[in-house]
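See structure below.
The values are calculated or read from the model by the stated rules, or taken from the named source; none is laboratory data. Because the structure is predicted, anything quoted here is derived from the model rather than measured. Positions of Cβ are backbone-derived with ideal geometry, glycine not excepted, and every protein chain shown enters the neighbour counts. Surface accessibility is based on the protein's heavy atoms, side chains included, excluding ligands, DNA and RNA. Shrake-Rupley method; radii C 1.70, N 1.55, O 1.52, S 1.80 Å.
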Amino acid sequence: MELKKYLKERKELIDREILKYLPPEPPYGKKLYQAVKYSLTVGGKRLRPILCLAGCEVVGGKVEDAITPACAIEMIHTYSLVHDDLPEMDDDTLRRGHPTTWVKFGQATAVLAGDALLNRAFEVLADWNFDCERKIKVISELGRASGMLGMVLGQQCDLDAEGRDDVSLEELLFIHRHKTGRLITASVVVGGITGGGSEEEIGALRNYGDSIGLAFQIVDDVLDVVGDQEMIGKNVGSDVEKGKTTFVKFFGVDGAKKRAREEVERAVEFLKVFPKDKREPLEGIARFIVEREY
């Protein structure tokens, strides 16, 4: 399997489909619609929705069945980026190589755009014409991953840890398994649920997602130190400026890279419950995570 071709085709599929899930532009309040559309279309690898599609395929499901939850996942992810970039949070001005939403539209509209994206994701899932039992499981999975048991909790913990020099490795792992990892895990698990995966298969996908989610954040920490801003499309060096504890602080650049590779190999092991030909995309995505531009 040629991974670059696979990722390109899946990204193009999400790019084509995602705007179909937005409501018509309203006669008033157009700035909100424009901010939402801007946030969804200024780039990004579409990794999480691609994981959803791949998770559906690996258990024998159809890609077309997973398009709706995949697009909902990208809305949730985009909402989190819009809010994370705000001055009150990470105070970033560049995202995916473009001005962040708050820079382009103002802070108040950025807050509303994030709110709109999160709510729209669950509207889309509620209206999804699909097996009711699986749909409820998907909504529940994404709700837990996005809220007080997942991403939002992780963001608060990240804020609480800023500027402290007593953050333990245990606390750092908790932060990033929630802030970054939970939605990555949910993405591939939702695909498996949509495709009708067995309990064993869903468990394997959950373990896989946990490992690649941690690897993804470790690589992000490394890129913040040694990454090329133009290549990765966002501000670099901001973790040090904000006094954040990172995996690089604990392990150094080379040690962090090694830990990320170990997590990826662990993820690949979890996939061995699936036939070799079917698990290739997920194996490739796992390795792609540690091969991003250092």
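Assorted remarks:
- Gyration tensor (alpha-carbon) shape descriptor, the stretch 89-225, a/c threshold 1.5: oblate
- Met1/Asp160 FRET efficiency (R0 51 Å; Cβ-Cβ; nearest 0.05): 0.75
- Peptide packing for 175-181, 248-254, 127-133, 264-270 was compared via the average number of neighbouring C-beta atoms within 10 Å per residue; ordered from the highest value, the list is 175-181, 264-270, 248-254, 127-133.
- The chain - percent of accessible surface contributed by carbon and sulfur, probe 1.4 Å: 52 percent
- Spacing of the two label points (7 Å from each Cα toward its C-beta) at Leu19 and Lys37, in nm: 0.7 nm
- Three-way shape call for the stretch 14-53 based on the alpha-carbon gyration tensor, with the a/c threshold at 1.5: prolate
- Label positions at Asp254 and Glu200, each projected 7 Å from the Cα along the C-beta direction, are separated by 4.2 nm.
- Candidates Val188, Val152, Val273, ranked by Gaussian network fluctuation over the chain, Cα under 10 Å, top entry: Val273
- For the stretch 3-291, accessible area per residue (1.4 Å probe, heavy atoms of protein chains only), Å²: 45 Å²
- One decimal place: the segment Ile136-Val63 gains 24.4 nm when fully extended, by the rule 0.36 nm per residue minus the C-alpha distance.
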